[in-house]
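Have a look at the structure below before the remarks.
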Amino acid sequence: MLKTEKPMADAVERAPVSPAFLAEAEAVVPRSRFSGFVITVVSVASFLLIWQLCAPLINPLFGSYPSAIVAAFWTLAGSGKLATALGESLRPFAVGYALAIVIGVPLGLVVGRSRALEAGVGIYVTAGYAMPLVALVPLLILWFGLGFAVKVAIIFLMSVFPICINTWHGARAVPKTLIEVGKSFVAPDRVILRRIILPATLPYIMAGLRLSVGRAVVAMVIAEFFTSISGLGAIILTSANNYDTATTFVPIIIIMLLAVTLNSLVGVIERRVAPWQAEIAGRDQ
């Protein structure tokens, strides 16, 4: 029985693979991504259509509808106010979020690989993540004033802790056997950190970046509400005070699109720097 099964297994292994089968297998990833994009477009279009059809039922003082929002968008864009406000909002956002990445990732790696630092510093990181940072805004205004610096500080504090915590737990989750392999080849600690720990932690780091994007966008608006009223937050407050709900929705939708775009950008970067993660998770199928 064993003698007959082995030739059959060898025949299966040596059987030529059809080129048509290979082409179909290679087309799985683009087709799945294309179908996902189509589903997203249909979902958004259906939502906007239903919203627009409900326009006669909406009181302009309490809500708006897509066509009115588009008209308000073109009015703001034509006057130049929208571009100016967007630039004022993005400058502190970019600086604060970049500082959160530069500080959060190394801090998370160090805390995750050192038991002493985890015991001494980890409690502050966890407490900072759980603390309502909006309550610190008045204190931050006393420290940094009402200008650019306080906005950067608010965005930084709102986004650094998710990055640090995810990196921290990712560094802790690195299999001990991988580190032992590096030590068996007499690799120094910095090489183990760069070649073993950092690649294994990359999926956790990217997850932290995804989580922190949303918090950073929220912090951007909070900073504009509570400090010098400027940027997209100023448009929201001014139009809301004037009961112009259509104009109010314009910066709100732009902020939502900004968060979605940045989240997708992080996903693209993740596929570039950690392509094996998609294969392990089966997201490429």
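The values are calculated or read from the model by the stated rules, or taken from the named source; none is laboratory data. None of these values were measured; they are calculated from a predicted model. Counting neighbours? That spans all protein chains shown, and the Cβs are built from the backbone with ideal geometry, glycine included.
Residues in region 205-257 that are of a type outside the set (Val, Ile, Thr) and in contact with a Leu (Cβ under 6 Å, 6 or more places away or on another chain): 3 in all.
Table: residues versus (1) in the same structural domain as Thr247 (by TED's automatic domain parsing); (2) at pLDDT 50 or above.
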{"site": "Lys6", "(1), (2)": "no, no"}
{"site": "Val12", "(1), (2)": "no, no"}
{"site": "Leu22", "(1), (2)": "no, no"}
{"site": "Val28", "(1), (2)": "no, no"}
{"site": "Arg31", "(1), (2)": "no, yes"}
{"site": "Leu49", "(1), (2)": "no, yes"}
{"site": "Pro66", "(1), (2)": "yes, yes"}
{"site": "Ile69", "(1), (2)": "yes, yes"}
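Per-residue answers, yes or no, for (1) in contact with a Leu (Cβ under 7 Å, 6 or more places away or on another chain); (2) closer than 30 Å to Thr245 by Cα; (3) among the small types (Gly, Ala, Ser); (4) assigned to a helix (DSSP H, G or I):
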| site | (1), (2), (3), (4) |
| --- | --- |
| Leu48 | no, yes, no, yes |
| Trp51 | no, yes, no, yes |
| Phe62 | no, yes, no, no |
| Val70 | no, yes, no, yes |
| Trp74 | no, yes, no, yes |
| Ala100 | no, no, yes, yes |
| Gly104 | no, no, yes, yes |
| Gly120 | no, no, yes, yes |
| Ile123 | no, no, no, yes |
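Within region 215-232, the set of residues being part of a helix (DSSP H, G or I) and more than 17 Å from Tyr97 (Cβ to Cβ) comprises Phe225, Phe226.
Just a yes or no: is a residue in region 165-179 closer than 14 Å to Ala216 by Cβ and either free of Cβ contacts under 8 Å to residues at least 12 places away in the same chain or in a helix (DSSP H, G or I) (or both)? So far as region 165-179 goes, no, none of its residues is closer than 14 Å to Ala216 by Cβ and either free of Cβ contacts under 8 Å to residues at least 12 places away in the same chain or in a helix (DSSP H, G or I) (or both). Contact map, region 134-156: residues that are without any contact (Cβ under 8 Å) to a residue 12 or more places away in the chain paired with residues that are surrounded by 15 or more Cβ atoms within 10 Å (Cβ to Cβ), Cβ distance under 6 Å, separation 6+ or inter-chain. Pairs shown: Phe144/Val150; Phe144/Ala153. Could you check region 125-160 and list, in sequence order, the residues that are at pLDDT below 90, within 22 Å of Arg210 (Cβ to Cβ) and part of a helix (DSSP H, G or I)? Scanning region 125-160 gives Val125, Thr126, Gly128, Tyr129, Ala130, Leu133, Val134.
Please find, among Ile222, Ile236, Ile269, Ile253, the residue that is assigned by TED's automatic domain parsing to the domain that holds Leu86 and farther than 30 Å from Met206 by Cα. It is Ile236. Please work out which one of (1) under 23 Å from Val102 (Cα atoms); (2) of a type outside the set (Asp, Glu); (3) outside any helix (DSSP H, G or I) is the condition Ala187 fails and give its number. Unmet condition: (1).
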